[in-house]
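Peer 1: Here it is, the structure, as structure tokens.
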Amino acid sequence: RCDVYDVVAYELSSQCRSVHCLYSCLKKRNHFIPVISTSDAQYFMVLDKNRKGRYPRVKPAEARVFHYGWVRSEEQMNAKAEKVQKYWSKKVQKIDYSQIDQKILCPFLGTHPAVMAGWLPKTPTSLFQADPHHPLTRREKRHRLMLLLERLFGLELSNKHYSLIK
């Protein structure tokens with residue numbers, strides 16, 4: 001589960017278990033091993049054998065990560081999208097918060113880190129007003145099915161971009 005201001009959007013389990021902290025380079029036998037981020041910094045690759053990449057070997061940490069990337073008004077997100085999307089595509093896609101699968105949203109009942117107190121609005125305003133008539137995309141249908149299977153059978157169905165060590 002990944003947290004936002006007054007709403008929680010449930011995601012596939014391994015999307016919320018990912019590598020968030022990593023040394024910029026590792027040292028082995030007095031040689032530095034480069035570590036690069038790939039896919040828009042979604043995951044890391046360690047280049048230790050003839051520059052052939054592998055996922056980092058990691059140990060789990062009992063840390064919570066709060067993601068505030070979408071806690072902005074639609075106007076702010078569209079302004080950001082205009083600046084950023086030009087690097088990946090020629091056409092800028094307009095962001096519409098109402099076009100979301102409402103079944104993945106539920107109220108956030110936790111507390112936010114103290115460092116966010118000055119940044120968050122003083123009174124809760126819902127950023128996500130899901131359109132109840134929003135037709136599900138193929139991706140959203142697949143996501144719903146995968147979430148159901150994960151919940152029912154304790155599976156982990158999405159890609160893990162790391163190797164777990166003891």
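The values are calculated or read from the model by the stated rules, or taken from the named source; none is laboratory data. All values derive from a computational prediction rather than experimental measurement. Cβ atoms come from the backbone with ideal geometry, glycine included; neighbour counts cover every protein chain shown.
Peer 1: Going residue by residue through segment 124-139, is there one that turns out to be in a helix (DSSP H, G or I) and over 20 Å from the mean Cα position of the chain (by Cα)?
Peer 2: Checking segment 124-139: not a single residue is in a helix (DSSP H, G or I) and over 20 Å from the mean Cα position of the chain (by Cα).
Peer 1: So, of the residues in segment 95-120 that are of a type in the set (A, V, I, L, M, F, W, C), in a loop (DSSP other than H, G, I, E, B) and more than 18 Å from the chain's Cα centre (by Cα), which turns out to be farthest from Tyr68 (Cα to Cα)?
Peer 2: Leu109
Peer 1: Then there's this: Hey, any hits in segment 93-106 for a residue that's among the acidic types (Asp, Glu) and at pLDDT 80 or above?
Peer 2: yes
Peer 1: Taking the condition of being of a type outside the set (Phe, Trp, Tyr) and either modelled with pLDDT of 80 or more or in contact with a Lys or Arg (Cβ under 6 Å, 6 or more places away or on another chain) (or both), how many residues in segment 49-59 meet it?
Peer 2: Qualifying residue count for the region: 6.
Peer 1: Take the residues in segment 121-154 that are modelled with pLDDT under 85 and not polar (S, T, N, Q); name whichever of them is surrounded by the fewest Cβ atoms within 10 Å (Cβ to Cβ).
Peer 2: Out of the qualifying residues, it is Lys122.
Peer 1: Scan (1) free of Cβ contacts under 8 Å to residues at least 24 places away in the same chain; (2) touching a His at 6+ places or on another chain (Cβ under 8 Å) for the single condition Asp101 breaks and write down its number.
Peer 2: Single failed check for Asp101: (1).
To keep it simple, each residue is scored yes or no on (1) assigned to a loop (DSSP other than H, G, I, E, B); (2) at pLDDT 70 or above.
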{"position": "His20", "(1), (2)": "yes, no"}
{"position": "Pro34", "(1), (2)": "no, yes"}
{"position": "Asp40", "(1), (2)": "yes, no"}
{"position": "Leu47", "(1), (2)": "no, yes"}
{"position": "Ala63", "(1), (2)": "yes, yes"}
{"position": "Phe66", "(1), (2)": "yes, yes"}
{"position": "Arg72", "(1), (2)": "yes, yes"}
{"position": "Glu75", "(1), (2)": "no, yes"}
{"position": "Glu82", "(1), (2)": "no, yes"}
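Peer 1: Test of understanding: among Lys90, Lys160, Lys86, which residue is under 17 Å from the mean Cα position of the chain (by Cα), of a type outside the set (Ser, Thr, Tyr) and within 28 Å of Ile36 (Cβ to Cβ)?
Peer 2: Lys160 is the lone residue from the list that is under 17 Å from the mean Cα position of the chain (by Cα), of a type outside the set (Ser, Thr, Tyr) and within 28 Å of Ile36 (Cβ to Cβ).
Conditions (1) surrounded by 11 or more Cβ atoms within 10 Å (Cβ to Cβ); (2) within 22 Å of His143 (Cβ to Cβ), marked per residue:
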| site | (1), (2) |
| --- | --- |
| Tyr68 | yes, yes |
| Ser73 | yes, no |
| Asn78 | yes, no |
| Lys83 | no, no |
| Tyr87 | no, no |
| Gln93 | no, yes |
| Lys103 | yes, yes |
| Cys106 | yes, yes |
